[in-house]
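The values are calculated or read from the model by the stated rules, or taken from the named source; none is laboratory data. All values reported here derive from a predicted model rather than from experimental measurement. Note: ideal-geometry Cβ built from the backbone for every residue, glycine included; neighbour counts use all protein chains shown.
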Ligand SMILES: Cc1ncc(COP(=O)(O)O)c(C=O)c1O
């Protein structure tokens, strides 16, 4: 076994979830998904595809009609994105891995903005790249980027800058000015940007999408933007995503896709087509429901003495601190075993998240959030 693989940390969220294994009374908010089922037209399209016998291998880069639909969807949000830049992948995480495989050799430096979903930093580590962590920092509970610190960390030696915004777990979202400064800087240093924008639509700032690098980059910039059907279309279990590449890089992505999944299942892609056709009907109401969940949870948390929380501008999570609880893994485990409340420990997202807890507020029954708050209050002796 390669040392890089042996050294990969096991998931801390799983570690907490395992503490509640086999218990049906646990209110679980630890994973990053809604408990709402995928919209019916999407499920019907996939079922029809299966009934029609679409059970065969397909294009490495995805069905041409789905690639066209994704290009149209992205263009509607961000200005023209040509179909010759779009590859369909079996999930956002696969798109991120393929992007990293395209760019990072063993020994290369990858700079990552953290805390972040651990898969993002594990991927370059698997390839033997060196990950330099640039921390967001909380100011009054609101996580912020020190732009000067990030730009100083990205040099001509930096192969890839990895940035996830809206960010899992903090909700931190890049401003347009920060994005422009990062893009300008990476143009100077020759650094690639991998932008994980899977939460772009889960944005509470009023616009249809959080600021995207696609809004400002040219089609020749060293930029790979990753999108996903998981969060915006309630399709986490389908495993469908995409990547937008610079012009001229599609063939390389196609080769790697062949050696990874070969292609996304056709019936899943038919579901993706239906999701995009119904995007207007699905996404805005979903974001409205999520906003209500966020506001309900954050105000409930803020009412608890000793809890520090800020309202996240994007994403599915409240990331918060409880006074005196500095060991997030031990605290999250005790919440499960003693109080039946399932939260993710901040440590799961790197040492920068230690002392914090992540609560996924995407719930079709907002009363579940209230029930969870009652359990947290009980755990705090309130
Ligand atoms: C920041 C981030 N990126 C990417 C993903 C991957 O999404 P998927 O593989 O379901 O498309 C997730 C899922 O939780 C995530 O939180």
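Contact map, segment 78-97: residues that are on the phi > 0 side of the Ramachandran plot paired with residues that are within 16 Å of the ligand (Cβ to nearest atom), Cβ distance under 6 Å, separation 6+ or inter-chain. Pairs shown: 91/239; 91/241. Set side by side, the residues 124, 138 differ, and just one is crowded, with 17+ Cβ neighbours inside 10 Å and either in a loop (DSSP other than H, G, I, E, B) or more than 16 Å from the ligand (Cβ to nearest atom) (or both), which is 138.
Return yes when residue 162 is within 16 Å of the ligand (Cβ to nearest atom), modelled with pLDDT of 95 or more, crowded, with 22+ Cβ neighbours inside 10 Å and over 13 Å from the mean Cα position of the chain (by Cα) and no when it is not. Here the answer is no, as residue 162 does not meet what is asked.
Answer yes or no as to whether residue 211 is away from the ligand (no atom under 11 Å from the Cβ) and over 19 Å from residue 101 (Cα atoms). Yes: the conditions hold for residue 211. The conditions of being in contact (Cβ under 8 Å) with a residue 60 or more places away in the chain, more than 24 Å from residue 140 (Cα to Cα) and not in a strand (DSSP E or B) are not met by residue 381. If the condition is being more than 16 Å from the ligand (Cβ to nearest atom), closer than 26 Å to residue 264 by Cβ and in a loop (DSSP other than H, G, I, E, B), then segment 95-117 contributes only 104. The set of residues in segment 322-346 being within 19 Å of residue 139 (Cα to Cα) and crowded, with 19+ Cβ neighbours inside 10 Å consists of 322, 325, 346. With the condition kept exactly as written, say whether any residue in segment 72-92 is part of a helix (DSSP H, G or I), under 23 Å from residue 232 (Cα atoms), within 13 Å of the ligand (Cβ to nearest atom) and within 21 Å of the chain's Cα centre (by Cα). Yes, segment 72-92 has at least one match. Beta carbons closer than 8 Å, at least 6 apart along the sequence or on distinct chains, never pair a first residue in segment 258-272 that is buried (at least 16 other Cβ atoms within 10 Å of the Cβ) with a second that is modelled with pLDDT under 95 and outside any helix (DSSP H, G or I).
Does segment 237-255 include one or more residues that are surrounded by 20 or more Cβ atoms within 10 Å (Cβ to Cβ) and either without any contact (Cβ under 8 Å) to a residue 24 or more places away in the chain or on the phi > 0 side of the Ramachandran plot (or both)? No, segment 237-255 contains no residue that is surrounded by 20 or more Cβ atoms within 10 Å (Cβ to Cβ) and either without any contact (Cβ under 8 Å) to a residue 24 or more places away in the chain or on the phi > 0 side of the Ramachandran plot (or both).
Scanning segment 52-63 for residues that are under 14 Å from residue 89 (Cα atoms) and surrounded by 11 or more Cβ atoms within 10 Å (Cβ to Cβ) yields 58, 59, 60, 61, 62, 63. Restricting 69, 46 to those that are in a helix (DSSP H, G or I), touching a residue at least 24 places away in the same chain (Cβ under 8 Å), more than 22 Å from the chain's Cα centre (by Cα) and closer than 16 Å to residue 240 by Cα reduces the list to 46. Mind listing just one residue for me: the one in segment 17-43 that is more than 16 Å from the ligand (Cβ to nearest atom) and part of a helix (DSSP H, G or I) and, of those, modelled with the lowest pLDDT? Checking each candidate, the answer is 19. Selection within segment 219-237: residues that are over 15 Å from the mean Cα position of the chain (by Cα) and over 19 Å from residue 68 (Cα atoms). The member of this set that is nearest to the ligand (Cβ to nearest atom) is 223. Return yes when residue 309 is in contact (Cβ under 8 Å) with a residue 60 or more places away in the chain and either surrounded by fewer than 16 Cβ atoms within 10 Å (Cβ to Cβ) or under 21 Å from residue 346 (Cα atoms) (or both) and no when it is not. In short, yes.
The condition (being closer than 29 Å to residue 320 by Cβ and surrounded by fewer than 22 Cβ atoms within 10 Å (Cβ to Cβ)) is satisfied by just one residue among 152, 195, 106, 177: 177. Scanning segment 257-280 for residues that are modelled with pLDDT of 95 or more and out of contact with any strand residue (DSSP E or B) (no Cβ under 9 Å at 6 or more places or on another chain) yields a total of 16. Suppose the filter is farther than 24 Å from residue 32 by Cβ and surrounded by 15 or more Cβ atoms within 10 Å (Cβ to Cβ); does residue 133 pass it? No: the conditions fail for residue 133.
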